[in-house]
Amino acid sequence: DAGITQSPRHKVTETGTPVTLRCHQTENHRYMYWYRQDPGHGLRLIHYSYGVKDTDKGEVSDGYSVSRSKTEDFLLTLESATSSQTSVYFCAISESKIDGYTFGSGTRLTVV
Amino acid sequence: AQSVTQLGSHVSVSEGALVLLRCNYSSSVPPYLFWYVQYPNQGLQLLLKYTTGATLVKGINGFEAEFKKSETSFHLTKPSAHMSDAAEYFCAVIYGNTGFQKLVFGTGTRLLVSP
């Protein structure tokens with residue numbers, strides 16, 4: 001979506017390797033989120049950020065870490081990738097809960 | 001725990017038929033309610049939302065939804081399905097009026113439209 005980009009769009013990695021996904025926004029929104037999408041589970045929140053260097057865990061945070069050193073960038077790191085982390089990862093941004101979230105196009109990650 | 005329930009992981013309709021996708025939420029406080037649509041290999045796009053005011057809300061592509069507090073429901077409808085409506089639809093809720101609240105998603109309903 002305009003104003004939010006995710007990179008890479010696709011990635012294949014080996015079990016045990018670290019992986020970093022990037023979310024970049026040009027909207028200057030305060031809140032940023034990482035979700036993973038899996039069949040039968042919908043979207044589940046991994047981590048979120050409510051400001052620079054302010055982050056917190058979501059419902060499925062084990063094995064993931066995040067960093068936000070600038071308003072526009074929110075990084076998701078898989079410390080040691082496992083096959084259970086094969087998924088589609090979405091970044092989202094928001095400024096107000098009334099407006100809802102704006103989502104990126106997703107990163108399809110395959111761990112082999 | 002806060003939750004959103006979407007009845008039916010798959011809904012099949014014929015082109016021109018009524019579309020009804022069901023969503024129920026659990027909450028004792030007024031929620032903000034959203035429907036998102038996801039086309040294949042794309043991100044989620046906001047269809048419509050309810051925050052306050054009129055309980056019948058209209059969205060893009062001819063969809064609408066009605067907030068019914070007594071039934072804790074926010075069902076999505078469209079009078080006449082089109083082939084291009086085939087996608088996955090997610091209901092989502094934000095609870096509470098104060099503080100930081102996160103969006104909680106249902107598990108999604110895939111809409112199949114046949115000619």
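What follows is calculated from the coordinates using simple rules that are stated; it is not laboratory data. Only a predicted model underlies this, so the values are computations on that prediction, with no experimental measurement involved. Glycine gets a Cβ as well: all are built from the backbone with ideal geometry, and neighbour counts include every protein chain shown.
Applied to region A:35-50, the Karplus parametrisation 6.51 cos²θ - 1.76 cosθ + 1.60 on θ = phi - 60° returns per-residue 3J(HN,Hα) values of 10, 10, 10, 9, x, x, 10, x, 9, 10, 7, 9, 8, 9, 9, 10 Hz, with x for Gly and Pro.
Under 37 °C and 0.692 mPa s, how fast does region B:4-115 diffuse according to Stokes-Einstein, given a Kirkwood radius computed over C-alpha pairs? Answer in µm²/s, whole number. Rounded, D is 232 µm²/s. Over chain A, with a single point scatterer placed on each C-alpha, what log10 of the ratio I(q)/I(0) does the Debye formula yield at q = 0.14, 0.18, 0.20, 0.23 1/Å? Ignoring solvent entirely, the Cα scatterers give -0.50, -0.83, -1.03, -1.35.
Taking label points 7 Å from Cα along the Cα-to-Cβ direction, A:Thr26 and A:Arg9 give a separation of 1.7 nm. Remark: B:Phe67, B:Phe34 ranked as B:Phe67, B:Phe34, counting other beta-carbon atoms within 10 Å and listing the fewest first. Per residue, the convex hull spanned by the Cα atoms of the protein assembly as shown amounts to 121 cubic angstrom. For a modelled paramagnetic label at A:Ser67, 7 Å from Cα along Cα-to-Cβ, the residues of region A:1-42 in reach, with backbone nitrogen under 15 Å, are A:18-23.
Near A:Glu59, within a Cβ-to-Cβ distance under 15 Å, what is the net charge of the other residues, with Lys and Arg +1 and Asp and Glu -1?
Values: positive: A:Arg36, A:Arg44, A:Lys57, B:Lys102; negative: A:Asp38, A:Asp56, A:Asp62.
Net charge in that neighbourhood comes out at +1.
By the equivalent-ellipsoid construction on the alpha carbon gyration tensor, region A:27-77 comes out with semi-axes of 20, 12, 8 Å, ordered largest to smallest.
Excluding same-chain pairs closer than 8 in sequence, count the lysine pairs in chain B whose Cα atoms lie under 16 Å apart. Please report the intermediate quantities before stating the final value.
Working: B:Lys49/B:Lys58; B:Lys49/B:Lys68; B:Lys49/B:Lys69; B:Lys49/B:Lys78; B:Lys49/B:Lys102; B:Lys58/B:Lys68; B:Lys58/B:Lys78.
Close lysine pairs found across chain B: 7.
Return the aspartates and glutamates within reach of A:Lys53: Cα separation strictly under 17 angstrom, same-chain partners fewer than 8 residues apart disregarded; answer none if there are no such residues. Qualifying aspartates and glutamates at Cα under 17 Å: A:Glu72, A:Asp73, A:Glu95.
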